[in-house]
Amino acid sequence: MIIRTPRRLHLGLIDPSASLGRRFGSLGVAIENGYEVKIVEGEKLEIRGEGEDVKTIEKVVKRMNLRYNTGVNFLIEVRKAIPRHVGLGSTTQLTLATALGIARLRNLRVEVEELAEYLGRGKNSGAGIYAFKYGGFVVDGGVKGGIPPLIFREEFPEEWGFLLVIPEFKPGPDEEEEKPLMEEVIGRADVAMEISHRILLGLLPALKERDIKAFGEHLSAIQKLVGRHFEAYQGGEFREDVKTILDFLCERTYGCGQSSWGPTVYGLIRRGEFQTLSAELVDFMKDHGIGGTIELGKPNNRGAEVIGENVFLERLIKSVGG
């Protein structure tokens with residue numbers, strides 16, 4: 001099996017205080033170029049990957065065997081990876097890719113949501129789960145036992161994209177470091193109400209109407225509001241170290257924000273604007289002594305792909321004219 005996942009841009013948590021009985025609630029969008037993982041039968045468990053990816057895969061393999069009796073004799077190769085703890089949803093995407101690949105290899109028809117819940121995903125946000133399963137723009141309904149339900153999903157316009165920056169700054173917290181922060185954070189009910197209002201009567205209508213200017217304005221406002229929930233933990237509405245880049249993005253794009261704990265930041269653009277804006281941003285970052293990668297975040301409206309290797313080879317042969 002070959003599994004290709006999207007990456008996930010996290011656009012915010014709505015209500016950490018559970019003022020209406022459901023905690024968090026999140027919104028996010030799937031973008032291209034996530035993990036590519038190959039899983040085949042093996043004589044023993046062999047994992048080819050780097051660092052934390054290997055640990056994540058090993059944990060998933062063992063837990064899948066405990067629940068579904070899938071065995072552990074696999075050769076699993078991470079052919080392409082998402083950087084860990086930079087705000088792009090690496091742990092959820094790799095966990096679900098491994099679990100779903102094993103399930104399909106064993107002809108188990110298990111839903112992504114069941115795998116996600118069993119493997120401990122979705123405790124704070126369902127955006128990564130639904131970005132994996134469906135792609136596009138997603139909103140979940142908050143945590144109240146089990147994984148958050150999907151309440152909205154919409155195709156993200158293909159002509160839109162993100163000026164995506166992964167600066168060479170300190171990674172965000174890993175799951176163990178994040179856990180006590182998420183347990184103790186108490187959001188503001190008034191802020192949660194304003195975020196909800198902007199989502200329902202601002203962001204979503206603008207997405208339906210393909211109004212990039214209005215969507216971007218509401219996205220920027222939502223991001224700043226979300227930051228008020230977490231300013232005690234990151235030094236302000238956004239991380240202090242990314243503010244210089246965000247100043248550029250907020251001025252030069254339709255909307256801007258920080259994905260999860262960062263350091264990944266983004267600006268909403270029309271894809272045709274990428275070359276000009278990225279060249280300007282390269283010079284800007286160089287002038288400020290900031291290193292990092294700049295790329296076009298292309299929307300993914302398919303979600304993860306799981307294909308057998310024979311099908312993959314047939315497609316590859318056709319693509320090169322064989």
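The values are calculated or read from the model by the stated rules, or taken from the named source; none is laboratory data. In this text, all values refer to a predicted model and were calculated from it rather than measured experimentally. As a convention, Cβ positions derive from the backbone with ideal geometry for all residues, glycine included, and neighbour counts pool all protein chains shown. These area figures cover heavy atoms from the full protein model, side chains too; ligands, DNA and RNA do not enter into them. Shrake-Rupley method; radii C 1.70, N 1.55, O 1.52, S 1.80 Å.
With an a/c value of 1.5 or above and a/b not larger than b/c for the gyration tensor axes a ≥ b ≥ c computed over the alpha-carbon atoms, the stretch 253-295 is described as oblate. For residue 100, the solvent-accessible surface computed with a 1.4 Å probe is close to 10 Å², ligands and nucleic acids excluded.
Counting only protein heavy atoms and using a 1.4 Å probe, the accessible area of residue 294 comes to about 50 Å².
Among 280, 154, the sequence by solvent-accessible area, most first, with a 1.4 Å probe is 280, 154. Give the relative contact order (percent, whole number) for the chain; include only Cα pairs under 8 Å separated by 6+ residues. Relative contact order for the chain comes out at 25 percent.
Relative to the longest principal axis of the Cα atoms of the chain, helix 175-184 runs at roughly 50 degrees.
Excluding same-chain neighbours fewer than eight residues apart, the lysines reachable from residue 224 by a Cα-Cα span under 20 Å are 213, 243. To put it simply, the accessible area of the chain at a 1.4 Å probe is 49 percent carbon and sulfur. The calculated 222 nm mean residue ellipticity attributable to helices in the chain amounts to -12500 deg cm²/dmol, summing -39500 (n - 2.57) over DSSP H runs of n ≥ 4 and dividing by all residues.
Out of all Cα-Cα pairs in the stretch 59-178, roughly what percent, to the nearest whole number, are more than 19 Å apart?
56 percent
Sequence neighbours fewer than 8 away in the same chain don't count; with that in mind, list the aspartates and glutamates whose C-alpha is under 16 Å from residue 170. Counting by Cα, and skipping residues close in sequence, residue 170 has these aspartates and glutamates nearby: 178, 240, 241. Here residue 62 is the anchor, and the aspartates and glutamates within straight C-alpha reach of less than 14 Å, apart from those fewer than 8 places off in the same chain, are 46. For residue 6, the shell of other residues with beta-carbons less than 9 Å away shows a net charge of +3, using +1 for Lys and Arg and -1 for Asp and Glu. Counting 0.36 nm for each residue step from residue 278 to residue 200 and taking away their Cα separation leaves a gain of 24.9 nm. Ordered by 1.4 Å accessible area with all protein chains kept, 118, 35 run largest first as 118, 35.
Computed over the chain, the alpha-carbon pair-distance distribution with 10 angstrom bins reads 6, 27, 34, 23, 9, 1, 0, each value a whole percent.
Beyond a 23 Å Cα-Cα separation, which of these cross-linked pairs lie in this structure: 144/179; 133/179; 133/208?
In this structure, 133/179 exceed 23 Å between Cα atoms.
Against the chain, whose longest principal axis is taken from its Cα atoms, helix 51-68 shows a tilt of about 60°.
Can you give the accessible area per residue of the chain, in Å², using a 1.4 Å probe? It would help to have the intermediate numbers written out before the result.
Values: 14500 Å² over 322 residues.
That works out to 45 Å² per residue.
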